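Asker: Right, I'll just put the structure down here and ask away after.
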Amino acid sequence: MAIRVKIRGFNGLLILLGLMEQALQRTFLEDETATAKFAASLLPLLHAGDVVYLQGDLGAGKTTLTRALLRLLAYTGTVNSPTYTLIESYQLPPFDLHHFDLYRLKSADELEALGARDLFDAGSVCMIEWPQNAQDWLPGANIVVEIEHAEQGRWVQVQNNKLD
Ligand code: ADP
Ligand code: MG
């Protein structure tokens with residue numbers, strides 16, 4: 001009994017620390033400009049080979065964030081949402097960036113047919129909207145960015161699995 005209480009107490013502490021850590025990492029983005037600034041803080045975390053899951057509802061700002069990252073990497077061309085193409089790729093220094101939007105994905109076979117497996121290589125960063133639509137097919141994420149709607153603006157939280 002005593003041991004049980006001890007374990008529960010330790011677990012409780014871990015959960016509390018986890019919640020505190022999450023709360024501390026949550027950032028409020030008041031407008032699209034703030035989202036672009038947030039991209040600047042995310043960029044140093046990204047390295048070739050990373051898989052980034054972008055979580056959040058429609059209109060949360062996943063594509064906006066990806067576009068802002070591309071601008072920071074000095075890409076000046078059009079950044080379309082890959083809503084219909086599933087993937088848009090950008091060959092840049094310092095890495096290739098593959099932007100996935102799996103909102104409309106019906107089967108992972110569509111990704112196989114596009115040769116998407118080969119995009120997860122050591123020289124690429126893959127940023128994936130709606131990863132839950134291919135969760136059995138996708139590699140795990142090094143970084144998870146979660147964006148939530150606020151009444152005005154957005155909340156964003158980053159989970160950096162590379163630190164684990
Ligand atoms: P998603 O890819 O998540 O579906 P988009 O990036 O296409 O969303 O669209 C997000 C919309 O929200 C855009 O109209 C953008 O201008 C706006 N937006 C982005 N960031 C913010 C923010 N921090 N506060 C308010 N609006 C934002
Ligand atoms: Mg999008």
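Asker: Just checking, how many residues over the range 63-107 are away from ligand 1 (no atom under 15 Å from the Cβ), β-branched (V, I, T) and part of a strand (DSSP E or B)?
Answerer: 0
Asker: May I ask you to verify whether T76 is hydroxyl-bearing (S, T, Y) and farther than 16 Å from M127 by Cα?
Answerer: Yes.
Asker: Now a separate question. Can you name the condition, by its number, that L65 falls short on among (1) surrounded by 19 or more Cβ atoms within 10 Å (Cβ to Cβ); (2) of a type outside the set (S, T, N, Q); (3) over 21 Å from H149 (Cα atoms)?
Answerer: For L65, the exception is condition (3).
Asker: List pairs: first residue in the range 146-164 and part of a strand (DSSP E or B), second residue of a type in the set (D, E) and exposed (fewer than 14 other Cβ atoms within 10 Å of the Cβ) anywhere in the structure, Cβ distance under 8 angstrom, at least six positions apart or on different chains.
Answerer: Listed pairs, sorted by first residue: E148/D57; H149/D57.
Asker: When you check L65 against the structure, is it within 13 Å of E129 (Cα to Cα), at pLDDT 95 or above, within 12 Å of the chain's Cα centre (by Cα) and within 16 Å of ligand 2 (Cβ to nearest atom), yes or no?
Answerer: Taking the combined requirement at face value, the residue satisfies it.
Asker: OK, next. Filter the range 108-118 for residues that are of a type in the set (A, V, I, L, M) and either in a loop (DSSP other than H, G, I, E, B) or under 16 Å from the mean Cα position of the chain (by Cα) (or both) and give the result.
Answerer: Scanning the range 108-118 gives a single hit, L114.
Asker: Hey, among the residues in the range 19-56 that are modelled with pLDDT under 95 and more than 25 Å from Q132 (Cα to Cα), which one's nearest to ligand 1 (Cβ to nearest atom)?
Answerer: Among them, the one singled out is L24.
Asker: Keeping to the range 27-62, report how many residues are more than 10 Å from ligand 2 (Cβ to nearest atom) and part of a helix (DSSP H, G or I).
Answerer: The total comes to 14.
Asker: Just to be sure I understand the filter: pairs with C-beta atoms under 6 Å, separated by 6 or more residues or on different chains, first member in the range 47-58 and under 26 Å from H149 (Cβ atoms), second member modelled with pLDDT of 95 or more and exposed (fewer than 14 other Cβ atoms within 10 Å of the Cβ). Which pairs pass?
Answerer: If the second residue must be modelled with pLDDT of 95 or more and exposed (fewer than 14 other Cβ atoms within 10 Å of the Cβ), the pairs left are V51/P139.
The values are calculated or read from the model by the stated rules, or taken from the named source; none is laboratory data. For clarity, every value in this text was computed on a predicted model and none was experimentally measured. Every residue, glycine as well, gets a Cβ built from its backbone with ideal geometry; the counts of neighbours run over all protein chains shown.
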